[in-house]
Amino acid sequence: MNSISEKIVENVCLKYEYDDVNLLPILQELQEKSSSRYISEEVARNVAKKLDITESRVYDVVTYFSALSSVPRGEVIIQICESTTCTVNSNVELKKWFEEELNVSMGETTKDNRFSLIYTHCIGACDISPAVRVDHDVYGNLTREKVKEIIDSRRVKR
């Protein structure tokens, strides 16, 4: 089950008192616990059952929020902001630099499953745009050299 046992799903749902209002944080926590950083069909089904909601509601949340994924991702998630501000401030160059450093295209995962490169909606860093979020860290005012430093610092597992 995507390396997430039924017991883990049970414990996370219990932590949030089986309240479907907390569906998003439940799914975020389960995705963090997943070795492949995604919500599998089995996990989604299990969450729906535990919260007594439809599976389609779970899938709606998984597919709506860019922070969640229904497909396996790399260990390090690189999200390039595609807000209007970042687009105006050359996020196209930023995308190109990451693609070249990682040798993948947008939306892909490196062959070693270390990095996934995706777009995301505004990350609230317009003052340093174009911006990128690497896992939970936000970077801006980037140059090609800074992009290389970010990638190199994440190549080694933490």
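Scan segment 84-118 for residues that are buried (at least 16 other Cβ atoms within 10 Å of the Cβ), at pLDDT 95 or above and more than 23 Å from residue 68 (Cα to Cα) and report the count.
Residues in segment 84-118 being buried (at least 16 other Cβ atoms within 10 Å of the Cβ), at pLDDT 95 or above and more than 23 Å from residue 68 (Cα to Cα): 2 in total.
Got at least one residue in segment 94-112 being part of a helix (DSSP H, G or I) and of a type in the set (A, V, I, L, M)? Quick ask: steps written out before the conclusion?
At the first step, the residues of segment 94-112 found to be part of a helix (DSSP H, G or I) are 94-102.
Pick out the ones that are also of a type in the set (A, V, I, L, M) and you get 94, 102.
Looking through segment 94-112, at least one residue is part of a helix (DSSP H, G or I) and of a type in the set (A, V, I, L, M).
Could you please let me know if residue 32 is acidic (Asp, Glu), without any contact (Cβ under 8 Å) to a residue 12 or more places away in the chain, closer than 25 Å to residue 108 by Cα and not assigned by TED's automatic domain parsing to the domain that holds residue 144?
Numbers: acidic (Asp, Glu): yes; without any contact (Cβ under 8 Å) to a residue 12 or more places away in the chain: yes; closer than 25 Å to residue 108 by Cα: yes; not assigned by TED's automatic domain parsing to the domain that holds residue 144: yes.
For residue 32, the condition - acidic (Asp, Glu), without any contact (Cβ under 8 Å) to a residue 12 or more places away in the chain, closer than 25 Å to residue 108 by Cα and not assigned by TED's automatic domain parsing to the domain that holds residue 144 - is met.
The values are calculated or read from the model by the stated rules, or taken from the named source; none is laboratory data. None of these values were measured; they are calculated from a predicted model. Please note: Cβ atoms are built from the backbone with ideal geometry, for glycine as well, and neighbour counts cover all protein chains shown.
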